Amino acid sequence: MLSCRRSLLSQTIKRKTKNKPKNKTKVKTHKKVSRTRDFIPENMHLEDNEEEVGFNLKSSAPSRSHGVQPLGNLYFNPGAINSRNIGLGTLQILSDELVLEILGLLEGTQLGVLATVSKSFYVFTSHEPLWRNLVLDNLKGRFFYNRSWKVTYISTFHPSFDVSRSARSSGLRVRDFYSDYLFQSWLCANLEMKPEWLERDNIIRKRGISVDDFLTNFEEPNKPVLLEGCMDNWDALGKWDRDYLVNLCGDAQFAVGPVKMRLDDYFSYADQVKEERPLYLFDPKFAEKIPTLGSEYDVPVYFREDLFSVLGNRRPDYRWIIIGPAGSGSSFHIDPNSTSAWNAVIRGSKKWILFPPDVVPPGVHPSPDGAEVACPVSIIEWFMNFYDATKDWKKRPIECICKAGEVIFVPNGWWHLVINLEESVAITQNYVSSFRNMKSVFGERLIGMLATEVEKRRNLLNVLDFLKKPNASKLVSGTTDRINLYENFKNAMEASFPGTIDGLRLKAKQKKMSFWDSVTDYKVGAFKFSF
């Protein structure tokens, strides 16, 4: 089990209010509590009445779910007995996670019956992720979100039931119920981003650079960069607000997590939801569904040629429209199939954190074969538990806030986390570094000069090696033909660019200085880009 240098709530947590007295509450946890895929720190402490600067709760944050308190509060209340244990009876020896795992096997009606057994079971069966899974598993995208996942389920499957009664009971508070796990879930759903989490901005920003400058200074050395001004001519930048998108897309359904939803239904959900991991609209077929969307943006000039295009319609998914409310986003991952990517923000803003390929982010645990990645349940949990630790690292992450009208280049192999700071709309595409205009530049001398020129496009080798891995059937994504993608891509490349792959193999044997050795001054911990 991991340990954290700094306790989660050793700082102040304050709710933003106007002219309202603050409730004085002390909170201290007893021990570390495992989450679904990672861990919670120990010794949490909350003092609402202190004047220190610390975490802020969102102004719209509801009261703690059913009065659940961190386990450490039990020690501030001498003589109190944890009602969690009383209500669970002999099941009290089970961890909160295991109790919820078992409850996740039940149907909605069974959860409703179990909720009447005891106050403890009432709290556990009211855990929103249980009802979210029931809605998504049973209704797919055919639902209209109504205040909470529990109310949504009840109003859909039992329309004769007065859901206003459920809404009133959702405010029921249970005395002396202590659970780090349940409290943490509520906390992560309602914390605002700390100003300290948004201050660091150490990415290189460029405006109006040439394609050659981009290739030489960023794509070839595999360095991130934020590009300004390269989407100023997009129709999407001026058009893509809510009303326009809803009217344009009509009844078309888009991929939202494990389901598909209409845009107007998704926006209704986004306006109401208060959860730790909001659903994220991430659709790879948007341009096929609504061709107008595909015609209202242009691929920036730096990324227009893509070697995967030699596969034609057999290529893996490569472009997505992304829409999400504040707090939604993507936890740490590396982009699929060893590709590079660009991400253009059309509405809103996004916080980015990127680590180079040789640095695994704290709290992230990839499996040896790379097929799975264990990380904190939510993005906010990662910020609370691990972000501060990166301040002391030699290889500090690259960070920025990407705003509307800006494009970020994400080189292949880089770990990155993204969180929407407000409702955001973006376009992203993944690509394989191309041999830009090589035939027109070299003509008949292409093969003879290939050995020198191909060194600059080594991302192709990375992709081929990735697609050829023994467990490619697990690693490759975005295509139904995972097994044959390597052979199909290699053969298409050889047909379009004879000798390219062999040339790359020769040059790949040359050792090069690592990215961090070339750009980091270890004595002062600062960047020293010089180009």
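The values are calculated or read from the model by the stated rules, or taken from the named source; none is laboratory data. Quick caveat: nothing in here was measured; it's all calculated off a predicted structure. Don't worry about glycine lacking a Cβ; one is built from the backbone with ideal geometry, like all the others, and counts go over all protein chains shown. Accessible surface is based on the protein model in full, side chains and every heavy atom, while ligands, DNA and RNA are left aside. Shrake-Rupley method; radii C 1.70, N 1.55, O 1.52, S 1.80 Å.
In this structure, the residue pairs whose Cα-Cα separation is over 21 Å, taken from Lys223/Lys351; Lys194/Lys260; Lys194/Lys350; Lys223/Lys394, are Lys194/Lys260. Viscosity 1.002 mPa s, temperature 20 °C: Stokes-Einstein D of segment 195-431 from its Kirkwood Cα radius, in µm² per second? The calculation lands on 116 µm²/s.
Report, in whole Å, the centroid distance computed from the Cα atoms of segment 295-325 and segment 379-409. For segment 295-325 versus segment 379-409, the Cα centre distance is 25 Å. The residues neighbouring Gly87, those whose beta-carbon lies less than 15 Å from its own, together hold a net charge of +2 under the Lys/Arg +1, Asp/Glu -1 convention. Peptides 99-109, 301-311, 148-158 ordered by packing proxy, namely the average of other Cβ atoms within 10 Å per residue, highest first: 148-158, 301-311, 99-109.
Taking 0.36 nm per residue of separation and subtracting the current Cα-Cα distance, fully stretching the chain between Asp176 and Asp271 would add 31.0 nm.
Label-to-label distance for Glu422 and His365 is 3.8 nm, based on points extended 7 Å past Cα in the beta-carbon direction. Spin-label pair His158-Glu288: with each label point 7 Å from Cα along the Cα-Cβ axis, the two points sit 4.1 nm from one another.
Exceedance of the 25 Å cut-off in Cα-Cα distance is limited, within the set Lys469/Lys490; Lys58/Lys206; Lys395/Lys469; Lys119/Lys150; Lys289/Lys469, to Lys58/Lys206; Lys395/Lys469; Lys289/Lys469.
Here's how it looks for Phe177: its modeled amide H is under 5 Å from those of Gln69, Ser83, which are all 5 or more places away or on a different chain.
Amide H contacts of Leu279: none lie under 5 Å away among residues 5 or more positions distant or on a separate chain (H built 1.01 Å from N in the peptide plane; Pro and chain starts excluded).
Ordering Arg142, Arg147, Arg175, Arg132 by accessible surface, largest first, gives Arg175, Arg142, Arg147, Arg132; the 1.4 Å probe counts only protein heavy atoms, with every chain in place. Each peptide among 414-421, 386-393 gets the average number of other Cβ atoms lying within 10 Å of its residues, and from highest to lowest they stand as 414-421, 386-393.
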